[in-house]
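Chemist: Please read through the structure below; I'll follow up with questions.
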Amino acid sequence: MKTRILLAIVLIALLVTLISCNIFMYDNREIPPRQIPAMEHIYTKRLPDDMLGYFEYFPKAVLSGKPEDTSVLLIRYTTTETVNPEHNLLFLSRDYITVLSNDTGADPWYLMRHEQGLGFALPTGNTATRALYEINFSVNNSAILTNEYFTYGTNNNNISSLSTARIPLYDFQNKRYIVLGYNDTDLGISLYDSITTAFTSPVNFYDVTARLKDAFSFLDNSTYPNTSFWNGGSFSIEQAETLSIERLLLLRITKRSALTNLTESYLFLFDTNSSTIVGPRRVLVPLPSVLFKDDAGVPWVLQAASKDRYSTTFQLLDRTLAIKKKIVVYGNSVYPLGIQTIHGVNGLVFLTSAARWGTPTLYFSLFFLPLSKLGGL
């Protein structure tokens, strides 16, 4: 009898501890997955059975850039081709879910949010002229490009030294577009304001590669001096995020080895006003990073740190990329969509997919974490 009473006391104490720590166990049975109390459920959509073969795993998802709009576009490649692979687009919203064919002729990895919704950034005509287009959906469930928002080529921006590779970035919190330019030849990198061309701050990319070579690596340069992982000279920008008013640029730099099939990714945070660089910080989970400012105007970086089949753990990093907080989001797959304004409140939006235990069904859910709740985590 005493043993039962003691066991009951221990279980009650454990339950109280879990609740006080805002931690809930998710056993893959609840739809939508139960989250911490600070996290608000936006909506859940069941994927129809005829779509199940397409979206068990989504390599990219993009949230609308229009405030109060929680529609999402998901991408899944349907072939293993590395050049122009076939893919499906899944459009998800509170009221609608459908598979779209992509009639834009654009690489889906250049899909991005913009102030009116979703768009594709792509070359138009030749490599010297590029543009950001709005994407709409036709009645036959096809994605089409409509309104051209702006062009960002050498002739259009009147910048004689615009780098070869150009990536338009949209800063949702400051409602500004920035063009990131970099040159594959000398790894030079610069920023350009796509509207006024006044935001120009060259940053020497050699500083980044030097720091990468000093960071942890799969291979030892002293052992493989001529053929090592780091000496191949092939780094790429995998992701870029900007807070334009704060003059901050977040880069994820990735190194791949074609011979050994090894990959390493690192985060760098640039102060483009002073050209100072913070980093590198190793990226262990290949989910997108989110650069944002809280309600007090303090910059943060959200980055996934670990995941299993039930949840993903995210770290909140300060502007020195030091770990300050952790957030656990439950679901078989979790994808950080970035900042959105919902009911006039700014917060982080997460997309999760989860299957009810013992069934073939799949559900997509959106969750919202108000920035005002970050201090209580």
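The values are calculated or read from the model by the stated rules, or taken from the named source; none is laboratory data. The structure presented is a predicted model; accordingly, all values stated were derived computationally and were not measured. Methodologically, a virtual Cβ is constructed for each residue, glycine included, from the backbone with ideal geometry; neighbour enumeration extends over all protein chains shown. Accessible surface is based on the protein model in full, side chains and every heavy atom, while ligands, DNA and RNA are left aside. Shrake-Rupley method; radii C 1.70, N 1.55, O 1.52, S 1.80 Å.
Chemist: Quick check: net charge around Ile36, other residues with Cβ under 13 Å of its Cβ, Lys/Arg +1 and Asp/Glu -1? Don't jump to the answer; show the numbers that get you there.
Modeler: Values: positive: Arg34, Lys325, Lys326, Lys373; negative: Glu40.
Neighbour charge sum, excluding Ile36 itself: +3.
Chemist: Whole-Hz Karplus ³J(HN,Hα) for the stretch 300-309, in order, using 6.51 cos²θ - 1.76 cosθ + 1.60 and θ = phi - 60°, x for Gly and Pro?
Modeler: Result, ordered by residue: 9, 10, 9, 9, 5, 10, 7, 8, 9, 6 Hz.
Chemist: Please give the net charge around Val345, taking every other residue with its beta carbon less than 15 angstrom from that of Val345, where Lys and Arg add +1 and Asp and Glu add -1.
Modeler: Summing Lys and Arg as +1 and Asp and Glu as -1 gives -3.
Chemist: Okay, moving on. Based on the Cβ-Cβ distance from Thr98 to Thr276, what FRET efficiency comes out when R0 is 51 Å, to the nearest 0.05?
Modeler: About 0.65, to the nearest 0.05.
Chemist: Please arrange Trp109, Trp300, Trp357 by accessible surface area, largest first, computed with a 1.4 Å probe and ligands excluded.
Modeler: Sorted descending by solvent-accessible area, the residues read Trp357, Trp109, Trp300.
Chemist: As a test question: what accessible area, to the nearest 10 Å², does Thr341 have when a 1.4 Å probe is rolled over all protein chains in place?
Modeler: Answer for Thr341: close to 20 Å² accessible.
Chemist: Continuing with the same structure: Mind running the shape call on the stretch 274-342? Use the C-alpha gyration tensor, a ≥ b ≥ c as the square roots of the eigenvalues: rounded below 1.5 for a/c, prolate if a/b tops b/c, oblate otherwise. Let's see the in-between values first.
Modeler: Details: a/c = 2.21, a/b = 1.41, b/c = 1.57.
The shape class here is oblate.
Chemist: How much solvent-accessible surface does Asp49 expose, in Å² to the nearest 10, with a 1.4 Å probe and all protein chains in place?
Modeler: Approximately 100 Å² of Asp49 is accessible to the 1.4 Å probe.
Chemist: Roughly how many Å² of Met39 are accessible to a 1.4 Å probe, to the nearest 10?
Modeler: Accessible area, nearest 10 Å²: 20 Å².
Chemist: Just to verify a number: FRET efficiency for Ala210 and Gln116, C-beta to C-beta distance, R0 = 41 Å, to 0.05?
Modeler: The value I calculate is 0.50.
Chemist: At 7 Å along Cα-to-Cβ for each site, give me the label-to-label distance between Asp294 and Asn136 in nm.
Modeler: 4.2 nm
Chemist: Ok, one more. Do any of Lys66/Lys325; Lys66/Lys326; Lys324/Lys373 go past 26 Å between their Cα atoms, and which?
Modeler: Violating the 26 Å Cα-Cα cut-off are Lys66/Lys325; Lys66/Lys326.
Chemist: Using a 1.4 angstrom probe on the protein heavy atoms only, could you order Thr312, Thr263 from most to least accessible area?
Modeler: Ranking Thr312, Thr263 by accessible area, largest first, yields Thr263, Thr312.
Chemist: On to the next question. Find out how many positive minus negative residues lie around Tyr266, taking Lys and Arg as positive, Asp and Glu as negative, among other residues whose Cβ is under 9 Å from that of Tyr266. Don't jump to the answer; show the numbers that get you there.
Modeler: On the way: positive: Arg211, Arg252, Lys255, Arg281, Arg282; negative: Glu264.
Value of the local net charge: +4.
Chemist: In what order, largest first, do Val208, Val345 sit by accessible area if the probe radius is 1.4 Å?
Modeler: Val345, Val208
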